[in-house]
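Scroll down for the structure; my scribbles are underneath it.
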Amino acid sequence: MAEVLVVRLLAPASPDSPGAEWLVVDSSGARRGNVQSGDPANAAALAAGRRVFVLVPGTA
């Protein structure tokens, strides 16, 4: 399996809170860099050539 971009969408806590956190993991599941946060559109540049998993907040 190739590298994967994992994006976690965040529930809005306040108007200035980041909309998402993301990181790239390699084929063994190891992180490739640090967790980044901000507008989900900023993660788009990392998506090219990678599978993308998006985690969405929900309620029980």
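All of the numbers you see were taken from the coordinates with simple rules; none came from a lab. On a predicted model such as this, the values are computed, not experimentally measured, just so you know. Cβ sites come from the backbone with ideal geometry, for glycine too, and all protein chains shown count toward neighbours.
Most simply put, the chain has about 65% antiparallel DSSP beta bridges, counting only bridges with both residues inside it. Legend: P(r) of the chain from all alpha carbon pair distances, 5 Å bins from 0, whole percents, reading 4, 19, 28, 23, 14, 8, 3, 1. Rounded to the nearest 20 debye, the dipole size of the chain about its Cα centre is 200 debye, using +1 on the Cβ of Lys and Arg and -1 on the Cβ of Asp and Glu. Around the amide H of residue 20, modelled in the peptide plane, lie the amide H atoms of 10, 38, all under 5 Å away and 5 or more residues distant in sequence or on another chain. Computed over the chain, relative contact order equals 43 percent, with contacts defined as Cα pairs under 8 Å that lie 6+ residues apart.
Computing FRET efficiency as 1/(1 + (r/R0)^6) for residue 10 and residue 45, where r is the C-beta to C-beta distance and R0 is 22 Å, gives about 0.70.
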